[in-house]
Amino acid sequence: MDNTTHFESSKDLKYGDETDSVGNDKNETPLLLTPNTRETDDQSDDTSLLSDATRTGEEPDALAEESAKGAEIPFAAKALAIGLAAGILVGGIGLLLHDSAQSAFANKLIKQDTCPTAASSPSGFCFDSAVSVAFLANNPVSQIASSQANAVISAPKSRIGIFGRAELNMRLSGLSGASPASNAPLSNTRASQVTGTLSLAYSALTSTLQSGSNSKASIFYVSNNQIGTSNQVSYQGQQITLTVVSKIELKNNLLYLTPQTVDALNHSAPASSVFSSVAPVPVDIAALPKGMHYTGLTLSKYLLTFQFSGQNVELGSLFNPKAS
């Protein structure tokens, strides 16, 4: 049978006290219904209620979880920001103290150890130029704490003994006693180890050579273990240029030159055929402070560089403008 609800035409309906053709009371108002409409609406309502019930049960937990996550992120960010700010503040204070101590030590060296006169032969290092000081920390913590246990000192123009205008680079390790940056005398501070280099032009050795006319002598680089010395000498009533190429070496804290070849009047000859003796000739060099000694020598085209070291050295004797 067809599920569609059919309505008869008005001619099939009788009014008054009569009933219609299907037996219904004439006073009843007809309902226009579509088959299964109520059933569908009921199902829709049920689904809507179920959906609402599901959302009602789930949303509070999700909101709480999102809220907790939102709270965690700002807290972590704030904690990180506070930690970074504290670290920067502490590190900044440490670096300021570090820089202040370095400047104090450098000023102290300049004030106490400036070479008094050009003719002086100081027993320790003194300075004719600015001095750079850098304190080196053993670790990041001691860096922040402005540790002064190790220091590097450099100066483009220093002097010691007969050496003048020498470039100094020195490392002081294991500093103990009074802080080198304090107002205490340098004699109150010691270094367990000192290492460094002293570089000077070859002309710094000119005054130490004892042959010919030193006023016009010159020294120049030949090879990694040879230097040349050129002097004006008298020969058969005339001044000629005598050039001697010598081996240079450092032994037992002393510098030696051993003649190898001689050039004069456009001729070259073995030194043994010119000189009666070609034994190593000692050359005066600067004496180092107590506890220090030379350890090596290197040659370059323009500079002669001495390496030195020492142990348990008092800074008062290491930096001293007074002659020995």
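What follows is calculated from the coordinates using simple rules that are stated; it is not laboratory data. It should be emphasised that the depicted structure is a prediction, and the values quoted were computed from it without experimental measurement. Cβ sites come from the backbone with ideal geometry, for glycine too, and all protein chains shown count toward neighbours.
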Diffusion coefficient, µm² s⁻¹, Stokes-Einstein with Kirkwood Rh over alpha-carbon pairs of the stretch 203-302 at 37 °C and 0.692 mPa s: 226
Projected label distance in nm at Asn266 and Val283, using a 7 Å step from Cα toward the beta-carbon: 3.0
Nitroxide proxy distance, nm - points 7 Å out along Cα→Cβ at Ser223 and Ala149: 4.6
Ordering of 237-249, 271-283, 151-163 by packing [mean C-beta count within 10 Å, highest first]: 151-163, 237-249, 271-283
Footprinting exposure proxy for Tyr202, Tyr302 (fewest neighbouring C-beta atoms within 10 Å first): Tyr302, Tyr202
Linear extension gain, Lys247 paired with Phe275, 0.36 nm per residue minus alpha-carbon span: 8.6 nm
Peptides ranked, highest mean first, by Cβ atoms within 10 Å: ranges 227-236, 192-201: 192-201, 227-236
Distance violations [Cα-Cα > 26 Å] among Lys111/Lys251; Lys108/Lys301; Lys251/Lys301; Lys157/Lys322; Lys157/Lys301; Lys111/Lys301: Lys111/Lys251; Lys108/Lys301; Lys111/Lys301
FRET efficiency, Ser176 to Thr305 (Cβ-Cβ, R0 35 Å, nearest 0.05): 0.75
